[in-house]
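These notes concern the structure reproduced below.
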Amino acid sequence: MPVTKLLRYLRPHALPILICLALLFGQAMADLALPDRMSNIVNNGIQKGGVTSPFPEAMSAETYTRIMMFLPEESRDAVGALYSDDVSGEINKFPGLDGARGYALTETDKDALSALELDFSRAMTAHHWAKLFTENPEAAAEIAKNFNMPSSGEEGMPQMSEAERLAWFTGIINGLDPMMISQAAVQGVLAEYEALGADMSALQTGYILWAGLQMLLLSLLGAACSVLVTFFAARIAASVSAALRHDVFAKVESFSLAEFDKFSTASLITRTTNDITQIQGLIVMAIRMLIYAPIMGVGGVIYALRKSTSMSWIIALAVVILLGIIAVLVAVAMPRFQRVQKLVDRLNLVSRENLSGMMVIRAYNTQDFEEKRFDAANRDLTDNSLFINRLMSTMMPFMMLIMNGVSLLIMWVGAHQIQASALQIGDMMAFIQYAIQIVMSFLMLSMMFIMMPRAAVSGQRVAEVLGTDISVKDPQSPKTLSGLSDARRGVVEFKNVSFRFPGAEEDTLHDISFIARPGETTAFIGPTGSGKSTVVNLLPRFYDVTGGSVTLGGVDIRELTQKELRDQIGYVPQKGTLFSGTIASNFEVGRPEASREDMELAAEVAQASDFIAEKGEGFGAEISQGGSNVSGGQRQRLSIARALIKKPQVFIFDDSFSALDYKTDANLRRALKRTTGNSTQLIVAQRVGTIMHAEQIIVLNEGRIVGRGRHDELMESCGIYREIAQSQLRKGEGA
């Protein structure tokens, strides 16, 4: 199963993801607008006194006439249409207009003003400079000096006629940069407002306060979007991880023993917990950064170019250096990230073995060895993690070096452009902010590139579990046992069964054939490794046969659903397994609707009544995880009772009496015979005394049947059985 198929878990969350996308776009726009507003405060609020347009809201008749004189003929009528000689509405703001002729701006359409802005700015600049020439000798001398204007006289004032001055103004101003013309025009507007008695301090303060309020609102909007995105991202990631854990657990529950052979328990635990947590973290970061960073990066470039195209090479240089650093880090860190989860698996495996085998470790005094083994696994993981962390820790200094270097370079280049009146101070400050935002965007993307390898490994491990083919599957058109009688339903038949473990080179079982009937006990005995447990594990379809067939009630078990098949079977494994809870809750695993009487009868047959009664809470007594607070024999008896409560048609006891003493074993078998007389019993045993009264004993050796019959018959005909029996039976045993 490719890791990309995990993306289907995001489909139910398409709407919240789209909402996050919209919120991130809103946050990015708010964040990108802040440097622009800051630039306006510096350029317009501080440098221009709050005036943003070269078109004055009101001006005197003299100023109007002079501006008209400097305007090109084709623009005079259009400008005249912008102003009216009715200034009654502007007297409160401009007291100097009271009783005097003047003109007020009536047209506020931005398109109309924009079309005339350059011509009007030139005319306003020419008017302002002409006025400075007549009213401010020092300013006139400065202008003449800056623009190499011929001058004479004691104060350096230019000596030329009005016509010559007009021609000179027109030629010089037409050759200036539009930005410089705009700045000079605004200075003319400020001078006009001051001449008309406007409150310049209030004008400047009002603009700065309004721009500051806009910045505050944008900051609040960005913060609100960020909080909402984080909220939605966390919910989406948690929901996806919950769905993944559910599906992984459900998949593992459907595994046969063949699939469990592929994955260790420690690995499955890590995949269900740590690996999915890695995916969850990636989803949060991906929604939060992977979408936001490109918007900020592209938006930052666009906004920066609006401020100055001549310094765009600085950003390009920073991005190239940044990408180079990220590429090197990812190339070096990727193999280490891929090792992390395997090392976590190893650490979990060692920890689990140590904790579960603590009694054996203490009994053999191997604590030092186990400590060294754990220390080796822990050190491998630690060294790998430290290498990654040290490598990643170098990223932030490099990022800070790049950002500070970019800021310093922008200031150096920008200062020269400001000196040449090609750039405003506020625009340079905004350009620095946009450059930092662009670098930070790439930094966020680099963090994603660093997280993604480890999350990709985790995703692959989870996908590997989800994509595992199940070897034991339900048929598409299952048969049923519902129409069969109990006597026929309990007939178990193995027909020429062979079995080979996945990946093995040869069969474990060879040509196994027998019939087990209701009311009879079929027992399996043989040397260790002869295949006894493997035979009985084929009936519940823990494995599927690789040759021949197994039938129940005359129906091939592969043609039954696993649920219907296992509803007919009461299974007691070699190692009695109990679940945390109470004795009653463990019994209810066999049959949830079991009554108190059913529990008491099952406990009595399983010889568990006495020790249950000794517990003060009875069936409500607590059972710890794995049944660690009861003995091995008690655990086996409770497991047997759980199977008895189910009242199945077939019982499988896989060496389930090994922890019982001979007396308890004999009493339990007699009680079983009375209670389950109409059921089919399959018993795997190591002790001859447990099975010597069975109606059919099957002797296995190296996966083959080497003897079949009753105890007396096998004692005469089967040498292997006779050897086992003679090595075990003593006077009084086997009662």
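The values are calculated or read from the model by the stated rules, or taken from the named source; none is laboratory data. These numbers were taken from a predicted model, which means no experiment stands behind them. So basically every Cβ, Gly included, is an ideal-geometry build from the backbone, and we count neighbours across all protein chains shown. Remember, those area values only see protein heavy atoms, side chains included, never the ligands or the DNA or RNA. Shrake-Rupley method; radii C 1.70, N 1.55, O 1.52, S 1.80 Å.
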Q.
Give me the net charge for the shell around Ala613: Cβ to Cβ below 12 angstrom, other residues only, Lys and Arg +1, Asp and Glu -1.
A. -4
Q.
Along the charge dipole of the range 315-447, pointing to its positive end and built from +1/-1 on Cβ of Lys, Arg, Asp and Glu, which listed residue (Leu381, Leu391, Asn404) has its Cα farthest out?
A. Leu381
Q: Please get the size of the charge dipole for the chain, origin at its Cα centre, with Cβ charges of +1 on Lys and Arg and -1 on Asp and Glu, quoted in debye to the nearest 20.
A: 4080
**Q.** Phi to ³J(HN,Hα) by Karplus 6.51 cos²θ - 1.76 cosθ + 1.60 over the range 464-473, Hz, x for Gly, Pro
**A.** 5, 5, 5, x, 5, 6, 7, 6, 10, 10
Q | For Gly102, distant residues with modelled amide H under 5 Å away | A | Ala61
Q) Percent of accessible area on the range 374-506 owned by carbon and sulfur, 1.4 Å probe? A) 59
Q) Roughly how many Å² is the accessible area per residue of the range 555-712, as a whole number, for a 1.4 Å probe? A) 44
Q. If you take the charge dipole of the chain about its Cα centre, with +1 on Lys and Arg Cβ and -1 on Asp and Glu Cβ, which of Asn496, Ile67, Gln562 is farthest toward its positive end?
A. Asn496
Q: Within the set of other residues whose C-beta is less than 15 Å from the C-beta of Asp31, count the net charge using Lys and Arg as +1 and Asp and Glu as -1.
A: +1
Q) Please state the relative contact order of the range 477-535 as a whole percent: Cα pairs under 8 Å, 6+ residues apart? A) 28
Q: For the range 390-451, calculate the relative contact order in percent as a whole number, restricting contacts to Cα pairs under 8 Å that are 6 or more residues apart.
A: 38
Q: First select every other residue whose beta carbon is under 14 angstrom from the beta carbon of Phe369; then total the charges, Lys and Arg +1, Asp and Glu -1.
A: -2
**Q.** Taking the convex hull of Cα positions in the range 656-735, its mean projected area over all directions (nm²)
**A.** 5.6
Q | Principal-axis tilt of helix 200-253 within the chain, Cα atoms, nearest 10 degrees | A | 10
Q | Built amide H within the under 5 Å cut-off of Val706, gap 5+ | A | Val699, Leu700, Asn701
Q) Over the range 548-655, how many percent of alpha carbon pairs lie in each 10 Å bin up to the one with the longest distance? A) 15, 46, 26, 11, 2, 0
Q. If the cut-off is 18 Å between C-alpha atoms, which lysines fall inside it for Lys663, apart from same-chain ones fewer than 8 positions away?
A. Lys673, Lys731
Q: Rounding to the nearest 20 debye, state how big the charge dipole of the range 329-476 is about its Cα centre with +1 on each Lys and Arg Cβ and -1 on each Asp and Glu Cβ.
A: 140
(Q) Report, in listed order, any pair from Lys495/Lys647; Lys479/Lys647; Lys473/Lys563; Lys262/Lys342 with a Cα-Cα distance greater than 18 Å. (A) Lys495/Lys647; Lys479/Lys647
Q: Report the normalised scattering of the range 465-523 as log10 I(q)/I(0) at q = 0.17, 0.24, 0.27, 0.30 Å⁻¹, calculated by the Debye formula with identical scatterers on the alpha carbons.
A: -0.92, -1.06, -1.09, -1.14
Q) Under a 1.4 Å probe, what is the accessible area of the range 256-358 per residue, stated in Å²? A) 46
Q | 5 angstrom amide H check on Phe651, placed H, neighbours 5+ away | A | Gly570, Thr680, Gln681, Leu682
**Q.** Phi to ³J(HN,Hα) by Karplus 6.51 cos²θ - 1.76 cosθ + 1.60 over the range 381-396, Hz, x for Gly, Pro
**A.** 5, 5, 4, 5, 5, 5, 4, 5, 5, 5, 5, 5, 5, 6, 5, 4
Q) Taking only C-alpha pairs under 8 Å that are 6+ residues apart, what is the relative contact order of the chain in percent? A) 13
Q) Scanning the chain for GluC sites (Glu not before Pro) in DSSP loops with at most 10 other Cβ atoms within 10 Å, what's the longest stretch left with none? A) 156-504
**Q.** For the range 186-232 versus the range 2-76, the gap between their alpha-carbon centres in whole angstrom
**A.** 12
Q. Which one of Leu82, Ala456, Ile683 has its Cα pushed farthest toward the positive end of the charge dipole of the chain, where Lys and Arg give +1 and Asp and Glu give -1 at the Cβ?
A. Ile683
Q. Which values of log₁₀ I(q)/I(0), to two decimal places, follow from the Debye formula for the chain at q = 0.09 Å⁻¹ with a uniform point scatterer at every Cα?
A. -0.96
(Q) If packing is taken as the average number of other Cβ atoms within 10 Å across a peptide's residues, how do 268-277, 201-210 rank, most packed first? (A) 268-277, 201-210
Q: List the lysines whose Cα lies under 25 Å from the Cα of Lys131, skipping any in the same chain that are fewer than 8 positions away.
A: Lys48, Lys93, Lys145
(Q) Quick check on the range 600-641: take the gyration tensor over C-alpha atoms, sort the square-rooted eigenvalues as a ≥ b ≥ c, and tell me if it's rounded (a/c under 1.5), prolate or oblate. (A) oblate
Q. Can you give the calculated 222 nm mean residue ellipticity of the chain, where each DSSP H run of n ≥ 4 adds -39,500 (n - 2.57) and the sum is split over every residue, rounded to the nearest 500 deg cm²/dmol?
A. -19500 deg cm²/dmol
(Q) What's the ranking of 354-361, 304-311 by average number of surrounding C-beta atoms within 10 Å, highest first? (A) 304-311, 354-361
